[in-house]
């Protein structure tokens, strides 16, 4: 996944500026990002505080780690079934 130029703190700062009444077109122009990016951020980070965003990032990384562990376990089970000739 492509890494963003902006940190979660900066993104939430932009969202708070928009909530305070700054026009979105002007905010996007000053920040150097597109309208589509702003709306994508708003759907992901809307209503969050910085601590919430950090927790979300931790949970996403933990989820990815658990998915890798599960995939490895399934591969091991499949390999053992293949070696011992167990039919499905």
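Please treat every number below as a calculation from the coordinates, not as lab data. In this text the structure is predicted, and so the values were computed from the model without any measurement. As a convention, Cβ positions derive from the backbone with ideal geometry for all residues, glycine included, and neighbour counts pool all protein chains shown.
Details
- Residues that are surrounded by 10 or more Cβ atoms within 10 Å (Cβ to Cβ) and part of a loop (DSSP other than H, G, I, E, B), drawn from region 6-22: 6, 7, 22
- Scanning region 24-50 for residues that are surrounded by fewer than 10 Cβ atoms within 10 Å (Cβ to Cβ) and farther than 20 Å from residue 5 by Cβ yields a total of 1.
- Among the residues listed as 70, 56, 66, the single one being surrounded by 11 or more Cβ atoms within 10 Å (Cβ to Cβ) and assigned to a helix (DSSP H, G or I): 56
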